[in-house]
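Here is the structure we will look at.
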Amino acid sequence: MPDSNLPEFQPSPHPAWTGDLTRVPYWVYRDRELLKTEQERVFEGPVWNFLCLESEIADPGDWRATKVGQMPVVVVRDTDGSIAAFENRCVHRGALICLDDSGSGARDFQCVYHAWRYDLRGNLKSVAFQRGVNGRGGMPPGFRVEEHGPRKLRTTTLCGLVFGTFRDDTPDIETFMGPDVLAQFKRVVAGRRIEIIGRFVQVLPNNWKMYAENVRDSYHASILHLFFATFRINRLSQGGGLIVSPNGGCSVSSTIAPTEADDKAYAGMRSVDDGYRLEDAGLIDVVDEHPDRIRQHIVTVFPNFVVQKTQNAMALRFFTPDGVDRTNLEWIYFGYADDTAEMRKRRLRHLNLGGPAGFVSMEDGCVGGFVERGIATAEDAASIVAMGGTGIESQQTRATEAAVRGFWSLWRRMVGV
């Protein structure tokens, strides 16, 4: 059922999506014109885009450059302690205002191209040689700096994370996520101060929506990933389930530690290799930090943000399109500020499961490319997304694609197809 907290959306001129959510047409991954519509209606639409951690902009003048979809954005701590975010684009000739990834102690920002100057909220404050030189040249007399400036976002914070939206009618982030997803989000990031312990950007050879599906796809994890199934970190035969938010776009997948000593459900499957052994068993030695025995926990926030905890490794992931068939995936690994030295060492060791060469995530880094190659001449065909039924409701199983259908439910409403 449509979420009444979201505004109404208008139809778009793109090809019609015929059929229900169990049939996803392949043209949605390959239509180059669709990227512009997604930028306008999704990333600049009534959603909350992840921007940074509060700790990255702790003091006045601290700033970080990021992206909202394909739009470059700057997020900064103002002198009054508030957080501002604006498009990283000089209104003069379109150059980036901030060239580095981050900085500190800024009192203003100046475009390197022609020295147009902005304050910490993105307001244009001055133009070099606005009155010309020796009475000649310069801007027209009627030019007013206060009438020009980059687009600005409305910001909010949640559990030490900073989010932004371009829309005034975006519901508050707690409502957008829904109470059940919010509770699981807070399980990982609330109550303790978090700090970054590593980060990098991974390039994926596929459309960004393929990765949005992947992080919501609880069905594939123990089938694609040999490490998960072999060492029983994540199997569909283990306990757990799936939560989907009322708007369909946010979700939680949880996997409980195994309770059966002899699990025959995966007998004969490629993803189980009984001959596979670890030289260092510490890679899967886990401390139960929460009284719930959850070993794999994936929380998604529409459109492109993930909070995850696998064993004792924790990470934020957000991903942005870089063209129709290329995606930039940023990993931000974190721990708690009060971690013991032993726990921090354990987290760093468990990080080997994630990332482009991780024992688990390396397959996710290439499987989207396999799909891109497979659908090269199949734009009139569609995938079959029918595990667990046709709806987007929460389920007490991970043998379902309900969260994938939930993503497409909200995406279709926003894009208008």
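The values are calculated or read from the model by the stated rules, or taken from the named source; none is laboratory data. Here the structure is a predicted model, which is why all the values come from computation and not from measurement. Cβ sites come from the backbone with ideal geometry, for glycine too, and all protein chains shown count toward neighbours.
Restricted to the stretch 362-408, and to residues that are of a type in the set (Lys, Arg) and touching a Ser or Thr at 6+ places or on another chain (Cβ under 8 Å), which residue is nearest to residue 238 (Cα to Cα)? Only one residue fits best here, namely 398.
For the stretch 201-281, the helices (runs of 4 or more DSSP H) that sit wholly inside it and include 2 or more residues that are surrounded by fewer than 22 Cβ atoms within 10 Å (Cβ to Cβ) and among the aliphatic types (A, V, I, L, M) are 221-224.
Residues in the stretch 97-117: is at least one touching a helix residue (DSSP H, G or I) at 6+ places or on another chain (Cβ under 6 Å) and either touching a residue at least 24 places away in the same chain (Cβ under 8 Å) or in the same structural domain as residue 249 (by TED's automatic domain parsing) (or both)?
No, that holds for no residue.
So that you can scan it fast, the table gives a plain yes or no per residue for (1) over 29 Å from residue 247 (Cβ atoms); (2) among the charged types (D, E, K, R); (3) without any contact (Cβ under 8 Å) to a residue 60 or more places away in the chain:
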| residue | (1), (2), (3) |
| --- | --- |
| 142 | yes, no, yes |
| 152 | no, yes, no |
| 162 | no, no, no |
| 173 | no, no, no |
| 180 | no, yes, no |
| 186 | no, yes, yes |
| 195 | yes, yes, no |
| 203 | yes, no, no |
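Selection of the stretch 148-188 for residues being hydroxyl-bearing (Ser, Thr, Tyr) and not in a loop (DSSP other than H, G, I, E, B) yields 155, 156, 157, 165, 175.
Filter the stretch 20-30 down to residues that are surrounded by fewer than 18 Cβ atoms within 10 Å (Cβ to Cβ) and under 18 Å from residue 403 (Cα atoms), then give me how many there are. Summing the residues that are surrounded by fewer than 18 Cβ atoms within 10 Å (Cβ to Cβ) and under 18 Å from residue 403 (Cα atoms) in the stretch 20-30 gives 2.
Annotation: of all residues in the stretch 59-78 being closer than 30 Å to residue 37 by Cα and among the charged types (D, E, K, R), the one that is nearest to the chain's Cα centre (by Cα) is 67.
Kindly establish whether residue 112 is out of contact with any Gly (no Cβ under 6 Å at 6 or more places or on another chain), modelled with pLDDT of 95 or more and buried (at least 17 other Cβ atoms within 10 Å of the Cβ). Criteria not met by residue 112. Among the residues of the stretch 122-147, those identified as part of a loop (DSSP other than H, G, I, E, B) and within 23 Å of residue 79 (Cα to Cα) are 122, 123, 127.
Residue pairs whose Cβ atoms lie under 7 Å apart, separated by 6 or more positions or on different chains, with the first residue in the stretch 47-67 and touching a residue at least 40 places away in the same chain (Cβ under 8 Å) and the second part of a helix (DSSP H, G or I) and among the β-branched types (Val, Ile, Thr), are 48/173; 63/57. Evaluation of residue 135 against the conditions (1) buried (at least 17 other Cβ atoms within 10 Å of the Cβ); (2) among the small types (Gly, Ala, Ser); (3) out of contact with any strand residue (DSSP E or B) (no Cβ under 6 Å at 6 or more places or on another chain) shows that the sole unmet condition is (1). Of the set (1) part of a strand (DSSP E or B); (2) out of contact with any Gly (no Cβ under 7 Å at 6 or more places or on another chain); (3) of a type in the set (Val, Ile, Thr), all apply to residue 286 but (1).
Can you tell me how many residues within the stretch 108-132 are more than 30 Å from the chain's Cα centre (by Cα) and either at positive phi or not aliphatic (A, V, I, L, M) (or both)?
11
State whether one or more residues within the stretch 345-359 are assigned by TED's automatic domain parsing to the domain that holds residue 235, without any contact (Cβ under 8 Å) to a residue 40 or more places away in the chain, in contact with a strand residue (DSSP E or B) (Cβ under 8 Å, 6 or more places away or on another chain) and surrounded by fewer than 22 Cβ atoms within 10 Å (Cβ to Cβ). Scanning the stretch 345-359, I find no residue that is assigned by TED's automatic domain parsing to the domain that holds residue 235, without any contact (Cβ under 8 Å) to a residue 40 or more places away in the chain, in contact with a strand residue (DSSP E or B) (Cβ under 8 Å, 6 or more places away or on another chain) and surrounded by fewer than 22 Cβ atoms within 10 Å (Cβ to Cβ), so the answer is no. Has the stretch 281-288 got any residue that is assigned by TED's automatic domain parsing to the domain that holds residue 196, acidic (Asp, Glu), modelled with pLDDT under 95 and under 22 Å from residue 187 (Cβ atoms)? Yes - at least one qualifying residue is present in the stretch 281-288. Residue-level check: of (1) touching a strand residue (DSSP E or B) at 6+ places or on another chain (Cβ under 9 Å); (2) without any contact (Cβ under 8 Å) to a residue 12 or more places away in the chain; (3) over 26 Å from residue 281 (Cβ atoms), residue 339 misses just (3). Within the stretch 215-231, the set of residues being in contact with a strand residue (DSSP E or B) (Cβ under 9 Å, 6 or more places away or on another chain), at pLDDT 80 or above and not acidic (Asp, Glu) comprises 215, 216, 218. Here is a list: 136, 151. Which entry is among the basic types (Lys, Arg) and more than 21 Å from residue 66 (Cβ to Cβ)? Criteria check complete, one pass: 136.
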